[in-house]
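Worksheet for the structure shown next.
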Amino acid sequence: MINEKLSKALEEAKQTKNFLEISEEFLVNLVQSALAFDNPSLKKEDVVKVLNGEVVGVNPDKVRKIINQKNAFLKVLQMAKDKVELDENTLKDLHQILCDGEAEVGGLYRRVNISVKGSNHTPCSYEKVYDRMAKYFVFMQEGPKGDLWEYISYLHLQLAKIHPFLDGNGRLARLVLNYELMKNGFMPVIITSDERDKYFSALESFKVDKDIKPFMDFLEDLEMKSIQTY
């Protein structure tokens with residue numbers, strides 16, 4: 001359950017804001033921050049140029065990633081507006097949007113074992129991915145049985161933990177997080193470079209120690225920041 005301060009801030013913000021009306025500034029910052037996880041050299045100026053259709057002088061790979069990230073976020077935004085439920089097919093479609101133009105990895109569960117750099121947790125073997133994802137969608141479709149905030153946090157964390165695809169898992173998990181936030185009446189959030197260490201620490205707490213609380217607290221801070229900033 002979210003704390004009283006955030007609950008009050010949400011009530012006040014909803015009187016003047018439509019959380020599903022996303023500003024250009026938010027979109028630019030979200031795209032840049034999302035891609036900077038793996039591409040720290042990506043500049044905000046490049047994102048602005050590409051989103052304005054000015055691709056001359058920008059690395060084609062960066063152009064593709066920027067456009068894919070924008071399209072994927074706009075997809076979950078529209079899904080939230082239309083109250084479209086997320087299921088296995090829509091998740092794979094979303095991943096395909098993120099990986100459009102790359103090798104044949106979009107929308108396909110991985111067929112190899114992987115490790116995650118900097119993490120003390122090793123994702124499940126590829127043979128277990130289908131079973132873990134099947135259980136994931138059962139949990140999703142059953143909906144929150146208690147704390148909605150914990151439910152939203154779990155859907156993000158567990159997807160990141162399973163790491164079902166060969167690439168783009170972090171970006172996909174953060175898109176699912178924002179979809180669930182918007183669908184349930186909250187503002188989408190952005191994880192900036194300044195917050196990345198705290199984010200990864202919260203992920204590790206869940207993956208290694210099965211402790212969801214650090215991420216729930218972290219998400220409250222992100223939500224409050226999003227309300228106050230945008």
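Across every direction, the projection of the convex hull enclosing the Cα atoms of the range 1-98 has a mean area of 8.4 nm². For the chain, the fraction of alpha-carbon pairs lying more than 22 Å apart is 52 percent, rounded to a whole number.
Charge dipole (Cα centre; +1 on Lys/Arg Cβ, -1 on Asp/Glu Cβ; no other charges) of the chain amounts to roughly 280 debye. Among 142, 24, 150, which one shows the biggest mean-square fluctuation in a GNM of the chain, springs joining Cα atoms closer than 10 Å? Most flexible of the set in this elastic network: 142. Within the shell of other residues whose beta carbon sits under 15 angstrom from the beta carbon of residue 144, the net charge comes to -3, with Lys and Arg scored +1 and Asp and Glu -1. Normalised by 2.2 N^0.38 Å, where N is the number of residues, the C-alpha radius of gyration of the range 120-230 stands at 1.04. Each listed q (0.12, 0.25, 0.28, 0.30 Å⁻¹) maps to a log10 I(q)/I(0) for the range 168-230 from the Debye sum over equal C-alpha point scatterers, namely -0.29, -1.24, -1.38, -1.41. Placing pseudo-labels 7 Å out from each Cα toward the beta carbon at residue 56 and residue 112 gives an inter-label distance of 4.0 nm. When the chain is treated as a GNM with alpha-carbon contacts under 10 Å, the residue of 203, 108, 159 showing the greatest mean-square fluctuation is 108. Applying both filters, DSSP loop and at most 16 other Cβ atoms within 10 Å, to the trypsin sites (Lys or Arg not before Pro) of the range 1-99 gives 14, 17, 43, 83. In this calculation the C-beta distance from residue 104 to residue 147 is compared with R0 = 45 Å, giving a FRET efficiency of 0.70.
Readers should treat all values here as calculations from the given coordinates under stated rules, not as data from a laboratory. In this text the structure is predicted, and so the values were computed from the model without any measurement. Ideal geometry is used to build each Cβ from the backbone, glycine not excepted, and the neighbour counts take in all protein chains shown.
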